[in-house]
Amino acid sequence: MLVPGACAVTSHPHPSPHPHPAPALSPGFAAAAGIGHPGAGGHARAMAEGEDMQTFTSIMDALVRISTSMKNMEKELLCPVCQEMYKQPLVLPCTHNVCQACAREVLGQQGYIGHGGDPSSEPTSPASTPSTRSPRLSRRTLPKPDRLDRLLKSGFGTYPGRKRGALHPQVIMFPCPACQGDVELGERGLAGLFRNLTLERVVERYRQSVSVGGAILCQLCKPPQLEATKGCTECRATFCNECFKLFHPWGTQKAQHEPTLPTLSFRPKGLMCPDHKEEVTHYCKTCQRLVCQLCRVRRTHSGHKITPVVSAYQALKDKLTKSLTYILGNQDTVQTQICELEETVRHTEVSGQQAKEEVSQLVRGLGAVLEEKRASLLQAIEECQQERLARLSAQIQEHRSLLDGSGLVGYAQEVLKETDQPCFVQAAKQLHNRIARATEALQTFRPAASSSFRHCQLDVGREMKLLTELNFLRVPEAPVIDTQRTFAYDQIFLCWRLPPHSPPAWHYTIEFRRTDVPAQPGPTRWQRREEVRGTSALLENPDTGSVYVLRVRGCNKAGYGEYSEDVHLHTPPAPGTTQTVDTTAVPRTPPWRHRHPSLS
């Protein structure tokens, strides 16, 4: 994937037509060579410099495109657990991938013991060192001893006294970090999963193309280590030329080991069946799983559609190639859709901000109404309080006048001293009425006003419920066609209703089309009637002897809801024609104008 000439670009990041200072030239020689003044030689040199700069620019553009493509592909090569490049990835039943070490770590955290797969998949040669092993192994945390003991007692793992192949084998569930779902691994756990060798090869090619991690060093050299030139799958180690000869002496069995390219991720030559350690040769379409010869004859795949792996390879490769060709041939469409999505993102941001402002304005309006109501209620309480205080103050003054030495008692005592009978009768008559009212008030004492304001308590239960249930308006649910009241004659009468708990609809849209006509290329075309008020409608002048399909959907401020289920209606044949009519489709009722006079 590297562009030819890239090495020259990287070794000279600032190219120049004169990388080293040129010696001084005499004026005559310079004039003869065409240097120092405009001429044929200067023009040719300028053209050469322009071509060099154009070539350099094209190479840099290609490198930028390759770098961008590599960075985009790197997202596909990262493990969802450790967020590092895959190392010995396993294919989960949900088709997602995860590093084997990460999978063992996840199962350990989940409390599953003894289901981490084959630990020999890590480099185990004598030359392997902690630096060559996976860095995630040192970060793994095993469950605590008390948790292990509790798990073993509860039936997890294998321990003395536990029988293999019990009637109820343990079901191992793995939480897939990609799809956020629990996938069943079976009783064997990770040992029953296939290793994704293709993904390993892609990761290795990616590392080599972008030079991730630098050169691979020989694992057998003493410091300073030399760069590795060979790898050995059987020894699971990388060697320089001298170390390879030293550890593969002539005449021994190791001399027959086939050298490979140096790598830190050793993998088997072919994909092996995890159950029988045999090379897979067939593909089970029913289970969608690669199988070996032994798996093929087992009862597990009895009656399944099994095909040779060559056929499955060719079929899947053709499908993938066709899909990829279609995508690459429609890059303009992809770019157009990206622009549309970006425009949708901008509209979403603007619409979301507008929705926030509208909600804030409505809530502020509710607050203003509540504040106005609060002021009105407080004013009513204040007026009632002042009225009661005035009445109680007058009653207090009346009772104070009854005290000894007060004005009314003293005045009455002085009136009693009057000896002129006519004058006494004249003055005492009015005084007696006041004294009588005071005496009655004293005998039947009761405050002139109550101190309780219970009648001013507010019952906000309904309002609080409404505020609690305050939510965004939902679109109407799909209407339900009333088949008992829907029929077709020379007009089609359609009747529907909303479900009981559906939000209200402001108006409805009716769509209908004929189904007994040849289909036209392209999407299905419906005839539409917009903004229908009420829950019934008449469709006039339908074609006779035809089959119509109709559907309805409601609309309110939140938008359009879902369509109702389609209903099929048969219109009767034209007069004077002979046609067999399905009596179950045409109801035996009078014409619509007689049955529904209010709609005529």
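The values are calculated or read from the model by the stated rules, or taken from the named source; none is laboratory data. Remember, it's a predicted structure, so these values are computed and weren't measured experimentally. Cβ sites come from the backbone with ideal geometry, for glycine too, and all protein chains shown count toward neighbours.
Details
- Scanning the range 401-426 for residues that are of a type in the set (Ser, Thr, Tyr) and in contact with a Leu (Cβ under 8 Å, 6 or more places away or on another chain) yields Ser401, Tyr411.
- Cβ-Cβ under 6 Å pairs, at least 6 apart or on other chains, the range 387-402 side free of Cβ contacts under 8 Å to residues at least 40 places away in the same chain, far side of a type outside the set (Phe, Trp, Tyr) and loosely packed, with under 12 Cβ neighbours inside 10 Å: Ser401/Gly407
- Residue among Thr229, Thr233, Thr198 that is touching a Cys at 6+ places or on another chain (Cβ under 8 Å) and among the hydroxyl-bearing types (Ser, Thr, Tyr): Thr229
- Looking across the range 548-582 at every residue that is of a type outside the set (Lys, Arg), within 21 Å of His507 (Cβ to Cβ) and in a loop (DSSP other than H, G, I, E, B), the one that is modelled with the lowest pLDDT is identified as Ala558.
- Residues located in the range 94-112, provided they are free of Cβ contacts under 8 Å to residues at least 40 places away in the same chain and in a loop (DSSP other than H, G, I, E, B): Thr95
- Some residue of the range 409-419 being of a type in the set (Val, Ile, Thr) and in a helix (DSSP H, G or I): yes
- Scanning the range 270-292 for residues that are modelled with pLDDT under 80 and over 17 Å from Leu193 (Cα atoms) yields a total of 0.
- All positions within the range 61-79 that are surrounded by fewer than 16 Cβ atoms within 10 Å (Cβ to Cβ) and at pLDDT 65 or above: Asp61, Asn72, Met73, Glu74, Lys75, Glu76, Leu78
- All conditions in (1) modelled with pLDDT of 80 or more; (2) more than 40 Å from the chain's Cα centre (by Cα); (3) among the hydroxyl-bearing types (Ser, Thr, Tyr) hold for Thr198, with the sole exception of (2).
- Residue in the range 417-424 that is farther than 30 Å from Gly554 by Cβ, surrounded by 12 or more Cβ atoms within 10 Å (Cβ to Cβ) and modelled with pLDDT under 85 present: yes
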